[in-house]
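Peer 1: The structure that follows is given in the form of structure tokens.
Read-outs throughout are calculated quantities, based only on the coordinates presented, and are distinct from any laboratory measurement. This one's a predicted model, so the numbers in the text were calculated from it and none came from an experiment. So basically every Cβ, Gly included, is an ideal-geometry build from the backbone, and we count neighbours across all protein chains shown.
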Amino acid sequence: MKFLLDFFPIALFFIVYKTIGLYAAIYAMIGATFLQMVISRYQNGKFENTHLITFGLLLVLGGVTLALRDPAFIMWKVSVLYVVFAFALIVSMWIGKKTLLQRMLGKELELPAQVWRQLTWFWGIGFSGIALVNAYYVNLALSARDSLFANTSLDPKIELTELNCESTTMEQLCIVAQQSEESWVNFKLFGTMGLTFILIIITVIFISKYIKEDKTS
């Protein structure tokens with residue numbers, strides 16, 4: 001249930017982008033993230049730090065995107081967010097007696113300290129990997145977008161989803177720009193969710209033997 005709640009804003013972003021466009025999708029995601037925070041506050045009695053960080057970055061980078069009509073800022077938000085998470089996890093191994101992961105999940109799981117450190121490295125590297133893959137899609141999308149507007153008289157503030165590529169002077173560049181932006185949107189939902197789910201599965205397999213040993217003892 002928590003997994004679905006965490007990805008609800010991204011799923012809504014995807015749906016609104018496909019039906020209306022990028023900038024409407026940003027407004028929808030801001031509203032959905034705020035709702036996510038309220039639901040979490042109601043369920044747990046407090047706001048989660050991950051939700052606060054996500055909402056803060058979304059307000060800043062999403063707000064700049066809407067103000068300048070430049071999608072680069074919202075596109076890079078994914079990489080920035082996952083780098084922040086990775087940095088926080090790894091640095092936590094040298095701050096205090098417990099890693100950040102252990103502080104978050106220690107009440108539900110009893111694992112050796114060394115295992116918590118291994119998991120922290122695993123998730124830190126995993127989050128960094130997601131940030132790098134997102135950066136790859138962002139570079140493709142922004143390069144295609146820049147190429148289109150550099151070779152046409154189109155207003156760079158226009159949404160790519162609004163363009164009828166057949167009516168432009170550079171039809172192929174227009175199609176590539178639209179497809180590249182759509183590929184990033186697809187990764188934002190399916191890529192981040194899929195890669196995170198893989199990390200979860202590997203984690204469950206890794207700690208399963210310790211859980212079995214604890215039950216046996």
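Peer 1: Give the residue list of trypsin sites (Lys or Arg not before Pro) in segment 6-67 that are DSSP loop and have at most 14 other beta-carbon atoms within 10 angstrom.
Peer 2: Listed in order of number, the matching sites are K46.
Peer 1: Next question. Once the Cβ-Cβ distance between F197 and I20 is put in as r, and R0 is 25 Å, what FRET efficiency do you end up with, to the nearest 0.05?
Peer 2: Numbers: r = 28 Å, r/R0 = 1.10.
Calculated value: 0.35.
Peer 1: Are there trypsin sites (Lys or Arg not before Pro) in segment 124-217 that DSSP puts in a loop and that have at most 15 other Cβ atoms within 10 Å, and which ones?
Peer 2: Working: sites: R145, K157, K188, K209, K212, K215; in loops: K157.
Sites meeting the loop and neighbour criteria: K157.
Peer 1: Checking understanding here: applying a Kyte-Doolittle mean of at least 0.5 and a length along the axis of at least 18 Å (C-alpha), which whole DSSP H helices in the chain pass?
Peer 2: 2-19, 22-44, 72-91, 113-150, 192-216
Peer 1: Which pairs break 27 Å Cα to Cα here: K98/K209; K188/K209; K98/K188; K46/K97; K107/K188; K18/K157?
Peer 2: From the list (K98/K209; K188/K209; K98/K188; K46/K97; K107/K188; K18/K157), the Cα-Cα distance tops 27 Å for K188/K209; K98/K188; K107/K188.
Peer 1: Got a sec to turn the phi values of segment 97-104 into Karplus ³J(HN,Hα) couplings, 6.51 cos²θ - 1.76 cosθ + 1.60 with θ = phi - 60°, whole Hz, x for Gly and Pro?
Peer 2: Each residue's phi maps through the Karplus curve to give 8, 10, 6, 4, 5, 5, 5, 7 Hz.
Peer 1: What Kirkwood radius, in Å to one decimal, follows from the Cα pairs of the chain?
Peer 2: Final number for the Kirkwood radius of the chain is 19.1 Å.
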